[in-house]
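**Student:** Dropping a structure here in C-alpha cells format, bear with me for questions.
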Amino acid sequence: MRGGALSERSTSFLGGLIADINPGFQVGLGYRRALHQELMEAPVDLLDFVELAPENYLGLGGEWRRRLTVISEKWPVITHGLALSLGGRDSLDEALIDGVAQFVEAVGSPWHSDHLCVGRAHGQHTHELLPIEMTRARAIEVAARVRDVASNLSVPMAVENISAYGRWPTDELEEADFVTEVVERADCALLLDVNNILVNATNFQQDPLEILSRMPVERAVQIHVAGFEARDSGLLIDTHGSPVHEGVWPLLEAALERSGPIPVLLERDNDIPALDELAGEIATIRSIGARVFGGHR
C-alpha cells in the first residue's frame, strides 16, 4: 500500500505566510535507475519517500514507466526539477511547464521544486546550473518567473539554493539576501540544500553557519544533503558523487532546529554505491532528526 502522508499534508502559503500543515521529519533518497532493483528488495521502512526529476520521464513509456509505477506504489514521490531555468532570460518553456505540471499531479507530489539558476540561454539548455546575477532587479524578474510557473501547478512551488564557482561582478546582494528576496516576492517555498551552503561558503571564504542564519529557513519545506569533490586548488565541486562530508551534518542539524520537522533527502547521482552504504547515511540523518526532535517524527 502506498504511503500518502506527504501528499495529504502539503505546505501552502496564505498571504505570504506558511500554513502550518507539516509533513513531519521524514528521510528520503533520490531515485536513480541504477538503484531500482535494490530499492525494490529493500524494506519499506528504509525510506519515507523518494525524489525524482520529471524531465527524466516526460515522453517515456515502456520499462522505465513501469519502474516508476512500482516505485511510486512502494513510497510517496516528491518531484524535483532540473530544466525550468527560473533565473534565465529566455521565455519560459510552456510545453515543459505543462508536462511537469501533469507529471507532478499524476505522481501525487506534495510540492514541486527547481533550482534558482540559469539553465537555458538563446534557446538551448545549458545542462548546467549557472548562477543568477544577484541584483534587486533580477530578484524581481526571477520572482515573477517563479510565480508564473507556480500558477500552472496544482501544488506549491519551491526553489533551491545552488552551488556556485564564480560570482557576477555586478552582484548587489549576498546569496542569502537574494534567495530571501526571491522567495518573499514569489511567495513560494524554499528547498534548502545545506551541502550547497558549505560548498559556497568554502569557495567564497565565508562562514557557512552565518550564511545559513540569513537564509529564509522558515519557508523551507524540504532539505537536501549530498557530497562534493575537493580540487587541489581548494575549490569544492558539487558532484553528488561522494559520501556526505562531515561538515554538512552540523549544518543539517542547525537547519532542522530552525525549520522544524520537514523531509530531508539524500542525493547521490554519480559513483553510486550499494544501497547498504547509502543506508548508513540515511541512518545518520535519522539520528540527527531524533536528536533535534526527541525521536518524534
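The values are calculated or read from the model by the stated rules, or taken from the named source; none is laboratory data. Given the structure is predicted, the values throughout are model-derived calculations rather than measurements. Note that each Cβ is placed from the backbone with ideal geometry, even for glycine, and that neighbours are counted across all protein chains shown. Please note that ligands, DNA and RNA were not included when accessible areas were found on the heavy atoms of the full protein model with its side chains. Shrake-Rupley method; radii C 1.70, N 1.55, O 1.52, S 1.80 Å.
**Student:** I need every pair where a residue in the stretch 41-68 that is without any contact (Cβ under 8 Å) to a residue 60 or more places away in the chain has its Cβ under 6 Å from the Cβ of a residue that is polar (S, T, N, Q) and open to solvent by less than 30 Å² (accessible area, probe 1.4 Å), sequence separation at least 6 or different chains.
**Tutor:** As it stands, the answer is Pro54/Thr79, since those pairs meet every condition given.
**Student:** How about the stretch 23-44: which of its residues are in a helix (DSSP H, G or I) and not acidic (Asp, Glu)?
**Tutor:** Matches in the stretch 23-44: Arg33, Ala34, Leu35, His36, Gln37, Leu39, Met40, Val44.
**Student:** Here is a list: Leu212, Leu265, Leu252, Leu278. Which entry is outside any loop (DSSP other than H, G, I, E, B), open to solvent by less than 10 Å² (accessible area, probe 1.4 Å) and out of contact with any Leu (no Cβ under 9 Å at 6 or more places or on another chain)?
**Tutor:** Exactly one of Leu212, Leu265, Leu252, Leu278 is outside any loop (DSSP other than H, G, I, E, B), open to solvent by less than 10 Å² (accessible area, probe 1.4 Å) and out of contact with any Leu (no Cβ under 9 Å at 6 or more places or on another chain), namely Leu252.
**Student:** Quick one: is Gly234 surrounded by fewer than 18 Cβ atoms within 10 Å (Cβ to Cβ), in a loop (DSSP other than H, G, I, E, B) and in contact with a Gly (Cβ under 7 Å, 6 or more places away or on another chain)?
**Tutor:** Against the criterion (surrounded by fewer than 18 Cβ atoms within 10 Å (Cβ to Cβ), in a loop (DSSP other than H, G, I, E, B) and in contact with a Gly (Cβ under 7 Å, 6 or more places away or on another chain)), Gly234 does not qualify.
**Student:** Give the residue that is most open to solvent (accessible area, probe 1.4 Å), with candidates limited to residues of the stretch 215-231 that are assigned to a loop (DSSP other than H, G, I, E, B) and over 18 Å from Leu116 (Cβ atoms).
**Tutor:** Per the criteria, the residue is Arg231.
**Student:** Something else: Which of the residues that make up the stretch 145-195 are assigned to a loop (DSSP other than H, G, I, E, B), closer than 29 Å to Gly241 by Cα and either touching a Phe, Trp or Tyr at 6+ places or on another chain (Cβ under 6 Å) or modelled with pLDDT of 95 or more (or both)?
**Tutor:** Asn161, the sole residue that qualifies.
**Student:** While we're on this one: Can you name every residue in the stretch 160-183 that is among the aliphatic types (A, V, I, L, M) and open to solvent by 20 Å² or more (accessible area, probe 1.4 Å)?
**Tutor:** Selection gives Leu173 alone.
**Student:** Next question. Condition test on Leu198, is it in contact (Cβ under 8 Å) with a residue 24 or more places away in the chain, surrounded by 23 or more Cβ atoms within 10 Å (Cβ to Cβ), in contact with a His (Cβ under 9 Å, 6 or more places away or on another chain) and not in a helix (DSSP H, G or I)?
**Tutor:** no
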